[in-house]
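Asks: Handing you this structure, nothing more for now.
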Amino acid sequence: MSFLLEFLLIAAFFLSYLWKGIYVATGVIMVGSVLAVAVSWLRTRKVKPMLLITMVLALLLGGLTLFFRDPVFLKWKFSIVEWFLGTWILASQFTSRKSFIRLAMEESVTLPEAVWSRLDYMWGGFFLFLGTLNVYVIYNFSTDAWVKFKFWGVTGLLMAFAVAQAVYLSRHMPQEQEKR
C-alpha cells in the first residue's frame with residue numbers, strides 16, 4: 001500500500017506539472033502528502049515514519065517554494081528524504097539488533113546475516129547516491145528536466161536496482177525457498 005501511495009503521489013505531481021506547471025504541482029504534492037498520511041491513519045491507525053517525514057518536508061519546502069516562487073526548495077525535498085533514508089538504513093547496522101532491510105523482508109526471505117548486512121550497505125548507499133544525483137540535476141538542468149528525471153529517471157533507477165538486488169538475493173537463498 002505504501003508503495004502505491006508513493007507512486008500515486010509522484011504520478012499526480014508529474015501530471016499536474018505537465019498540465020499547469022511547477023507551482024500547481026507543488027500544491028498537489030502538498031495536498032497529496034496530507035491525504036496519504038490521512039489514508040494511512042484511517043486504514044491502519046498508524047503512520048509510517050517515512051510517510052510522515054515526507055509530508056512534513058512537502059509542506060515545509062512546498063510552502064517555501066510557493067511563498068518565494070522558487071522551485072529549488074521543493075526540488076531539495078527528494079534529496080533530503082533519500083539522504084535520511086540512506087543514513088537510517090546504514091545506521092541500523094550499528095544501532096539495532098536487526099538491520100533495516102532485514103526487518104522489512106525477513107518474514108518472506110531467509111538469508112545469512114552477512115547478506116542482510118550487505119543489503120543494508122547496498123540500499124543505504126543507493127539512496128545516498130539518488131539524493132546526490134538529484135542535487136546534480138537540480139543545479140545542472142532545467143526544472144522541466146528535473147521533473148522528468150524525478151518521474152522517469154528515478155523510477156528506472158529504482159527498478160534496475162531492485163532487479164539487481166533480486167538477482168543478488170537469488171544466489172543466497174536456500175534451495176527450498178527458491179522453489180516457492
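Asks: Using a Gaussian network model of the chain whose springs link C-alpha atoms within less than 10 Å, name the residue from Leu128, Leu119, Leu42 with the highest mean-square fluctuation.
Replies: Leu42
Asks: Continuing with the same structure: State the answer as a single residue: which of His172, Pro112, Tyr136 lies farthest towards the positive end of the charge dipole of region 62-180, with beta carbon charges of +1 for Lys and Arg and -1 for Asp and Glu, about the Cα centre.
Replies: Among His172, Pro112, Tyr136, the one farthest towards the positive end of the dipole of region 62-180 is Tyr136.
Asks: Something else now. Return the whole-Å distance between the Cα centroid of region 104-141 and the Cα centroid of region 5-71.
Replies: Their Cα centres are 23 Å away from one another.
Asks: Then there's this: Can you tell which of Ala164, Ala12, Ala58 shows the greatest fluctuation in a Gaussian network model of the chain with Cα springs below 10 Å?
Replies: With Cα springs under 10 Å in the chain, the top fluctuation among Ala164, Ala12, Ala58 is at Ala164.
Asks: What Kirkwood radius, in Å to one decimal, follows from the Cα pairs of region 119-180? Mind dumping the intermediate values first?
Replies: Values: mean 1/r = 0.0744 Å⁻¹.
Over region 119-180, the inverse of the mean reciprocal pair distance is 13.4 Å.
Asks: Sticking with this structure for a sec: What's the Cα-based Rg to Rh of region 71-180, Rh via Kirkwood?
Replies: Numbers: Rg = 16.2 Å, Rh = 15.3 Å.
That ratio is 1.06, to two decimals.
Asks: Among Leu64, Leu157, Leu103, which one shows the biggest mean-square fluctuation in a GNM of the chain, springs joining Cα atoms closer than 10 Å?
Replies: Among Leu64, Leu157, Leu103, the largest GNM mean-square fluctuation belongs to Leu103.
Asks: Defining a contact as two alpha carbons under 8 Å apart and six or more residues distant in sequence, what relative contact order in percent does the chain show? Don't skip to the end; give the middle numbers.
Replies: Details: 153 pairs, mean separation 33.3, N = 180.
Relative contact order of the chain: 19 percent.
Asks: While we're looking at this one, here's another question. What's the magnitude of the charge dipole for region 71-180 around its Cα centre, counting Lys and Arg as +1 and Asp and Glu as -1 at the beta-carbon? Answer in Debye, nearest 20.
Replies: On the way: 11 positive and 8 negative charges, 27 e Å.
Using only the charged Cβ atoms, the result is roughly 120 debye.
Each reported figure results from applying straightforward, stated rules to the coordinates on display, with no laboratory input. Fair warning: this is a prediction, and the values are worked out from it, not measured in the lab. Here the Cβ is made from the backbone with ideal geometry for all residues, glycine too, and neighbour counts use every protein chain on show.
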